[in-house]
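The next block holds one structure in the form of structure tokens; read it before the comments.
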Amino acid sequence: MVVTFPMRPILRGPYEFRQTAGMSPENEIVCVDCGGRCFLLTHAREDGVWLPGDIVTYRCQDCRDRWDLVLPDVDDEETF
């Protein structure tokens, strides 16, 4: 099962959005197990770009669960 989550675009200059390879994961998500706060552990590549299919890791501060998530493709319109 692949878990996806909302992403926000990266600003690359005044009012410029990179829609294809310029998405970044949220810094914090809600833990599915305990409802606590999970924080991003993974760093972006050297060029600062996140790509669809990249694996990002979060750790819950409450239950200490680790979440490895796959970044979705921007063109995927599938909703759950």
- Message: Cβ contacts < 6 Å: first residue under 18 Å from PRO72 (Cα atoms), restricted to the range 30-59; second residue among the acidic types (Asp, Glu), any location; separation 6+ or different chain. Result?
- Response: PRO52/ASP73; ILE55/ASP68; THR57/ASP68
- Message: Among the listed residues ARG18, ARG12, ARG59, identify the single one that is in contact with a Lys or Arg (Cβ under 7 Å, 6 or more places away or on another chain), modelled with pLDDT of 90 or more and among the basic types (Lys, Arg).
- Response: ARG59
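The values are calculated or read from the model by the stated rules, or taken from the named source; none is laboratory data. For clarity, every value in this text was computed on a predicted model and none was experimentally measured. A quick note on method: Cβ atoms are made from the backbone with ideal geometry, for glycine too, and the neighbour counts reach across all protein chains shown.
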